[in-house]
Amino acid sequence: AIYHVMNRGNHLDPIFKDDQDRVIFLKTLQETCQASGWVVHGFVLMGNHYHLLIETMRPTLVVGMQYLNSVYTRRYNVRQKTFGHLFQGRYKALLVDGEARGYFLTVSDYIHMNPVRAGKVGDLTLLLKDRWSSAGWLAGSRKDRPDWLRWERIYGELGLKSWRSRCRRDYRQYLGRRVMEVQEERGRNKEWKGIRRGWCLGREGFVLKMK
């Protein structure tokens, strides 16, 4: 299945004190993908929360999230010399319809536009330079894309069929348009309402089937 997964810090406190914490989180995410058979289609690490767009090849969401959150918490506490809960509680997982066009791309855009909505970045150049978002890797602006981060499904949603420079350019242009739209709408995008509040995003038949 495909999920949009997110979690916040306890009492909305930061879950990353510095960039080394973010490096440790991504390393833990890599380990989770290897152990649980996940594929990551997008991610962003913010100050007090994170977003992931993942695909589980086996029913390993629960065990994978338990590993990701608990192991990162332990490593964070050791490094920062603290103790106790890091996250506010159980993660939120939104089930995404991966067969009908549009729903997957909507969630991908929601994740990648997070820094724009938060005012962290103001244009496409800064978005692509953000080390803690998958946007730059997926757009081909950053090298050494990790094996667990896949571009094929997002490109396919846009009719882009290869990793060639032309397709990467087209995806960068698409992201640029989305940045401008988000800034003009000031975050009031109705298509994202179901992501913020729902448990399942897809066609009516898909939602009924999941129920």
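Here are the numbers for this structure:
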{"quantity": "Test: residue in region 117-126 that is outside any loop (DSSP other than H, G, I, E, B), open to solvent by 70 Å² or more (accessible area, probe 1.4 Å) and either touching a residue at least 60 places away in the same chain (Cβ under 8 Å) or closer than 28 Å to Ala1 by Cα (or both)", "calculated": "no"}
{"quantity": "Tally of residues being closer than 21 Å to Ile54 by Cα and crowded, with 16+ Cβ neighbours inside 10 Å across region 169-191", "calculated": "2"}
{"quantity": "Count - residues of region 159-211 that are over 18 Å from Phe104 (Cα atoms), assigned to a helix (DSSP H, G or I) and of a type in the set (Ser, Thr, Tyr)", "calculated": "1"}
{"quantity": "Region 48-106, subset closer than 20 Å to Asp19 by Cβ and among the aliphatic types (A, V, I, L, M), residue most open to solvent (accessible area, probe 1.4 Å)", "calculated": "Val78"}
{"quantity": "Some residue of region 12-32 being within 23 Å of Val107 (Cα to Cα), modelled with pLDDT under 95 and aliphatic (A, V, I, L, M)", "calculated": "yes"}
{"quantity": "Within region 154-168, tally of residues that are without any contact (Cβ under 8 Å) to a residue 24 or more places away in the chain and either within 17 Å of the chain's Cα centre (by Cα) or surrounded by fewer than 19 Cβ atoms within 10 Å (Cβ to Cβ) (or both)", "calculated": "9"}
{"quantity": "Scope region 128-153; condition among the acidic types (Asp, Glu), outside any helix (DSSP H, G or I) and open to solvent by 20 Å² or more (accessible area, probe 1.4 Å); matching residues", "calculated": "Asp144, Asp147"}
{"quantity": "Answer from Tyr76, Tyr3 - the residue that is touching a residue at least 60 places away in the same chain (Cβ under 8 Å) and farther than 26 Å from Val96 by Cα", "calculated": "Tyr76"}
{"quantity": "Odd one out for Gly156 among (1) modelled with pLDDT under 95; (2) part of a helix (DSSP H, G or I)", "calculated": "(1)"}
{"quantity": "Matching residues, region 27-45, being in contact (Cβ under 8 Å) with a residue 60 or more places away in the chain, surrounded by fewer than 20 Cβ atoms within 10 Å (Cβ to Cβ) and closer than 20 Å to Arg79 by Cα", "calculated": "Gln30"}
{"quantity": "Residues (touching a Leu at 6+ places or on another chain (Cβ under 8 Å) and farther than 19 Å from Thr32 by Cβ) located in region 62-90", "calculated": "Gln88"}
{"quantity": "Qualifying position, being over 12 Å from the mean Cα position of the chain (by Cα) and within 25 Å of Tyr155 (Cβ to Cβ), among Thr73, Thr32, Thr82", "calculated": "Thr32"}
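For every residue, the table says whether it meets (1) among the aromatic types (Phe, Trp, Tyr); (2) in contact with a Pro (Cβ under 8 Å, 6 or more places away or on another chain); (3) over 15 Å from Met46 (Cα atoms).
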position	(1), (2), (3)
Gly84	no, no, yes
Leu94	no, no, yes
Leu105	no, no, yes
Arg117	no, no, no
Lys120	no, no, no
Ser133	no, yes, no
Lys143	no, no, yes
Arg150	no, no, yes
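The values are calculated or read from the model by the stated rules, or taken from the named source; none is laboratory data. What you see is a predicted model; the values in this text were computed from it and never measured. Cβ sites come from the backbone with ideal geometry, for glycine too, and all protein chains shown count toward neighbours. Keep in mind that these areas ignore ligands, DNA and RNA; they rest on the heavy atoms of the full protein, side chains included. Shrake-Rupley method; radii C 1.70, N 1.55, O 1.52, S 1.80 Å.
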